[in-house]
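Every read-out reported here was derived from the displayed coordinates using simple, explicitly stated rules and does not represent laboratory data. Remember, predicted model here, so these are calculated numbers, not experimental data. We place every Cβ from the backbone using ideal geometry, glycine too, and count neighbours over all the protein chains shown.
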Amino acid sequence: MVAQPVVAGVPSRRPRLGSLPPLSLYVHLPWCLRKCPYCDFNSHEAGAEVPESRYLDALRADLEAAVPQVWGRVVQTVFIGGGTPSLFSARSIDRLLGDVRALLRLAADAEVTLEANPGTFERARFEGYRDAGVNRLSLGVQSFDDDRLRALGRVHDRGQALAAAQAAARLFPTFNLDLMAALPGQDLPGLRSDLAQALALAPPHLSYYALTLEPNTLFASRPPAGLPDEDTAAEMQAWIEQATAAAGLHRYEVSAYARVGHRARHNLNYWTFGDYLGVGAGAHSKLSFADRIVRQARLRHPRRYMDGALAGAAIEEERTLDAGDLPFEFMLNALRLVEGVPVARFAERTGMTLAAIARPIRMAAERGLLDPEPSALRPTPLGLRFLNDLQQLFLT
C-alpha cells in the first residue's frame, strides 16, 4: 500500500512574498558500501546490487510530478548526495542529469556537485562523472590517518583518499575535501598532521566537522573510546581556523573554508533560506510561493520510495509553515554564515518585517553574540563559538 501525504492543518498566519528566492535541486542516492557508525543520514548498505535503473526511473517520475510546483523557475545548483552517489555508474549519472535538463530549467552556469567516497575511486568513473556534467566533486575523506579511518568504520584507506583527491584536482574545476575532527584517539598533533596533509593537496574548498554522537547511530549507543575532551576539541578548532587562513582558505561558514570563487553555492542557498526541491528516498524540500512556504519529505526507505514515486505518490509528508516558524528557521541557517546576511534578506525570504525578530536581535547584541551593525544580521566570534545559544534566542 502506497503511503499518502500527511498535510498539516491550515496555519493561522502566512507570509506574503514579493519575489521567490533562488532554487536548487537535491537528489538523494541512498546506498552505501557500509553504514558508518556515526552516520545519521538516510543511508542503506547496498548489499549484492544497487537497483540503479529502477531507482533512476523513480527519480524521473518524482521530478515529473514535482515540475508544476517549480514551473518556469531556474535551477541554480544541483547536489547529488547520499549515501554514496559514486556507487552509481557514470552512465547512470549521465542519465540522471539528462533527465534533470529535460524536465527543469537548469542555469547555464549551474553548479553540479556529486558526493564521492574514496573507496569507490576509479579514474575512468570520475572522468565519466565530469563528462556527464558534474563540475564539483565533494570527497568524503574524513581523515588521512588509517587508524582514525578504522575507528570511524570507513571503507577506504589513506592511499585511496590521496589518489581520489589528486584525481579530483586534475579532473574537476573545483572540489571539496570533507574532513572530521575530535575523532576517537585523535590528539592535537594528530589533528595538525591530518590537516597538513589535506592542505598539501591545495583544495579550493574544505569542510571540517567535529564528530558528534547523533541519536539513532551506533556511536550514540556505544560511544567509542578515546574521544578528545572539550578543551582539546576547542584547541583543534582554533588550529583549523589558524591553519586554513594561513593557507588562503577563508572561513565563510561555521564548518566551511574556501578560496576566492570556490564557495559552495548549493550550501549557500540553504544558509540564506533559498528554495530547494529534494527528490530521492527521504529527501526534503523547501518551496516558496507568493502566499506560503511549504516543506515536504519523500518516503524514506528506498523500496517504498521507488514504489511510491512510480505510482505518483513519492511524498510522505507535507506542511505549510506558519509565520511563527519562519524567524527561527531563517536565523537557524543565516547565523551559520561568518559574514551573516543583509538585514533586508529577512523580509525578502520570509515575507515578514524585521519587527518580528527585533527583541531577540536586541538580546543577542546585548550578550555580545550578534554584531550591532544595523545593516546586517551577523554573528560575532563569540556568537559563532556559542552558535546554539544564539540560534535559540530566535526560537519562539
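Between L332 and R259, how many nm apart are label points set 7 Å from Cα along the C-beta direction?
That separation, rounded to one decimal, is 3.5 nm.
With +1 assigned to the C-beta of every Lys and Arg and -1 to the C-beta of every Asp and Glu, and no other charges, what is the dipole magnitude of the chain about the Cα centre in debye, to the nearest 20? List each step's numbers first, then the result.
On the way: 43 positive and 44 negative charges, 164 e Å.
Once rounded to the nearest 20, the dipole reads 780 debye.
Ranked by Cβ crowding within 10 angstrom, fewest neighbours first, how are S24, S53 ordered?
Working: S24 24, S53 10.
Fewest to most other Cβ atoms nearby, the residues stand as S53, S24.
Set Lys and Arg Cβ to +1 and Asp and Glu Cβ to -1, take the dipole of the chain about its Cα centre, and tell me which of Y257, Y26, L332 lies farthest positive.
Y26
Counting only Cα atoms, I'd like the Rg/Rh figure for segment 170-311, Kirkwood definition for Rh.
Values: Rg = 19.0 Å, Rh = 18.0 Å.
My calculation puts Rg/Rh at 1.05.
Dividing the convex hull volume of the alpha carbon atoms of segment 1-138 by its residue count, what do you get in Å³ per residue? Intermediate values should be presented prior to the final figure.
Numbers: hull volume 23.1 nm³, N = 138.
Spread over its residues, the Cα hull of segment 1-138 gives 168 Å³ apiece.
If we count other beta carbons within 10 Å of each Cβ, what is the order of W271, W31, W71, W239, fewest first?
W71, W239, W271, W31
Radius of gyration and Dmax for segment 22-100's Cα atoms, expressed in Å?
13.7, 42
Under a Cβ-only charge scheme (Lys and Arg +1, Asp and Glu -1), can you give me the dipole magnitude of segment 58-166 about the Cα centre, in debye to the nearest 20?
On the way: 14 positive and 14 negative charges, 24 e Å.
Computed about the Cα centre, the dipole is about 120 debye.
5 Å is the cut-off here: which amide hydrogens, built 1.01 Å from N in the peptide plane, fall below it relative to V75, excluding neighbours closer than 5 in sequence?
HN-HN under 5 Å from V75: R105, L106, A107.
With only Lys, Arg, Asp and Glu charged, each at its Cβ (+1 for the first two, -1 for the last two), find how big the charge dipole of segment 326-396 is about the Cα centre; round to the nearest 20 debye.
Values: 8 positive and 7 negative charges, 14 e Å.
Dipole size: approximately 60 debye.
Determine by what factor the alpha-carbon radius of gyration of the chain differs from 2.2 N^0.38 Å, reporting the quotient.
On the way: Rg = 21.1 Å, N = 396, 2.2 N^0.38 = 21.4 Å.
My calculation over the Cα atoms of the chain gives 0.99.
Using 7 Å Cα-to-Cβ label points, what is the T353/E366 separation (nm, one decimal)?
2.2
Out of the GluC sites (Glu not before Pro) in segment 101-192, which ones are loop residues according to DSSP with at most 14 other C-beta atoms within 10 Å?
Details: sites: E111, E115, E122, E127; in loops: E122.
Listed in order of number, the matching sites are E122.
I'd like to know how segment 162-232 sits against the 2.2 N^0.38 Å rule of thumb: what's its Cα Rg over that expected value? Mind showing how you got there, number by number?
Details: Rg = 14.6 Å, N = 71, 2.2 N^0.38 = 11.1 Å.
Cα Rg divided by the expected 2.2 N^0.38 Å: 1.32.
Place a point 7 Å from Cα of E64 in the direction of its Cβ. Which residues in segment 284-320 have their backbone N less than 20 Å from it?
So the set is 298-299, 303-316.
Take the Cα of H250, step 7 Å along the line toward its Cβ, and report every residue of segment 324-351 whose backbone nitrogen sits under 17 Å from that point.
Only 336-342 pass the distance filter.
If you project the alpha carbons of segment 259-352 onto their three principal axes, what span does each projection cover, largest first, in Å?
Its Cα atoms span 44, 35, 19 Å along the three principal axes.
Which value in deg cm²/dmol, rounded to the nearest 500, describes the helix-derived mean residue ellipticity at 222 nm for the chain, given -39,500 (n - 2.57) per DSSP H run of n ≥ 4 and division by the residue count?
Values: 15 runs with 145 residues, N = 396.
That comes out to -10500 deg cm²/dmol.
Name the residue from A220, Y276, A210 whose Cα lies farthest towards the positive end of the charge dipole of the chain, charges +1 on Cβ of Lys and Arg and -1 on Cβ of Asp and Glu.
Sorting the options by dipole projection puts first Y276.
Give the average over all directions of the projected area of the C-alpha convex hull of segment 326-396, one decimal, in nm².
Working: hull surface 15.5 nm².
Result: 3.9 nm².
Could you state the number of Å between the C-alpha centres of segment 139-174 and segment 23-66?
Value for the Cα centre distance between the two parts: 22 Å.
Could you tell me which residue out of V67, A151, I240 lies farthest along the dipole of the chain toward its positive end? Charges go on the beta carbon: Lys and Arg +1, Asp and Glu -1, centred on the Cα centre.
V67
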